[in-house]
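The values are calculated or read from the model by the stated rules, or taken from the named source; none is laboratory data. What you see is a predicted model; the values in this text were computed from it and never measured. Positions of Cβ are generated from backbone atoms using ideal geometry, with glycine treated the same way; all protein chains shown enter the neighbour counts. All accessible areas refer to the heavy atoms of the entire protein, side chains included, with ligands and DNA or RNA removed. Shrake-Rupley method; radii C 1.70, N 1.55, O 1.52, S 1.80 Å.
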Amino acid sequence: VSFIPDKSVDAVMTDPPYYDSIKYAKLADFFYVWLRILLRDRYDWFKAKTSARTGEIIVNSNSDSFVEGLVKVFSECYRILKDGGLLAFTFHHTSTWAWEGIHKALERSGFVVTAVPIVRSEGRTGYRKAGSINHDVCIVCRKVTQVMRNEPYEESKILEKSIELAKRLCKLNGELSDSDIFTILMGQGMRLDADVYSQIAKDQSSYVQAIKSNLSRRK
């Protein structure tokens with residue numbers, strides 16, 4: 001977005017990245033091929049035979065290239081944001097490597113995560129298979145140079161804060177799946193530095209079990 005001046009934007013809010021969770025590009029072709037029949041002579045975007053675009057950042061066989069693409073995007077967000085501006089997006093995924101990739105891309109782009117509120121990813125009436133993720137993490141970021149914390153966010157607080165949040169969500173929304181608990185944990189960990197976050201990701205199964213045990217005692 002070279003047409004946008006440096007430090008001129010108050011906030012950037014977006015959704016995805018999805019990593020490899022949903023193949024939106026391929027799903028779009030189901031509709032695109034029919035729309036193209038009507039629109040290819042009117043709009044240049046419908047000239048191509050598929051909806052694929054060379055500038056897209058997608059995961060095929062190489063997740064490293066996806067992270068590199070995100071670094072470019074987040075770096076441009078950093079450039080256009082005012083010093084006190086916010087970058088915010090929603091995210092969930094069932095794999096630790098995806099969370100670590102997002103964390104790495106943000107850190108390399110000069111951002112630090114300052115808040116991780118949880119929201120339902122879809123309405124209660126939407127179709128969700130058993131065990132699926134029903135919640136998103138809203139990842140809220142600021143420029144590293146602008147962050148002033150009243151207290152350090154330490155690894156020792158992750159389990160405590162995750163349990164507290166899981167209890168609140170259970171009270172509001174009922175049972176949480178293992179995937180939801182995992183999402184809560186990984187979201188809370190986003191506020192840690194990369195090395196500590198990698199350890200959290202490595203030990204995530206024991207953390208999830210500890211949170212589940214705490215919820216069971218609550219019953």
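Brief remarks follow.
- The length gained on full extension between Ser75 and Thr145, counted as 0.36 nm times the residue separation minus their Cα-Cα distance, comes to 23.8 nm.
- Share antiparallel - DSSP beta bridges, the chain, percent rounded to 5: 70 percent
- Over segment 1-99: Rg over Rh, Cα atoms, Kirkwood Rh: 1.04
- Estimated distance in nm for a label pair at Arg42 and Glu160, the labels positioned 7 Å out from Cα along Cα-to-Cβ: 6.1 nm
- Relative contact order for the chain: 21 percent, from Cα pairs under 8 Å spaced at least 6 residues apart, divided by residue count.
- Each of Gln209 and Trp34 was given a label point 7 Å from its Cα along the Cα-to-Cβ line. The distance between the two points is 5.0 nm.
- Among the listed pairs Lys7/Lys104; Lys161/Lys202; Lys157/Lys202; Lys26/Lys72; Lys23/Lys72; Lys82/Lys157, those whose Cα-Cα separation exceeds 27 Å are Lys82/Lys157.
- Cβ crowding within 10 Å averaged over residues, with 47-59, 93-105, 157-169, 175-187 ranked highest first: 175-187, 93-105, 157-169, 47-59
- Span-like helix criteria (full DSSP H runs; alpha carbon extent of at least 20 Å along the helix axis; mean Kyte-Doolittle hydropathy of at least 0.5) are satisfied in the chain by 24-39.
- Apolar share of the accessible surface for the chain: 54 percent from carbon plus sulfur atoms, 1.4 Å probe.
- Estimated distance in nm for a label pair at Trp97 and Cys138, the labels positioned 7 Å out from Cα along Cα-to-Cβ: 3.1 nm
- Positive-end ranking of Thr145, Ser198, Cys77 along the dipole of the chain, with charges on Cβ about the Cα centre, is headed by Cys77.
- Theoretical gain in end-to-end length, Asp193 to Ala11 [0.36 nm per residue, Cα-Cα removed]: 63.2 nm
- Additional length obtainable on full extension of the chain from Cys170 to Arg120, 0.36 nm per residue less Cα span: 16.8 nm
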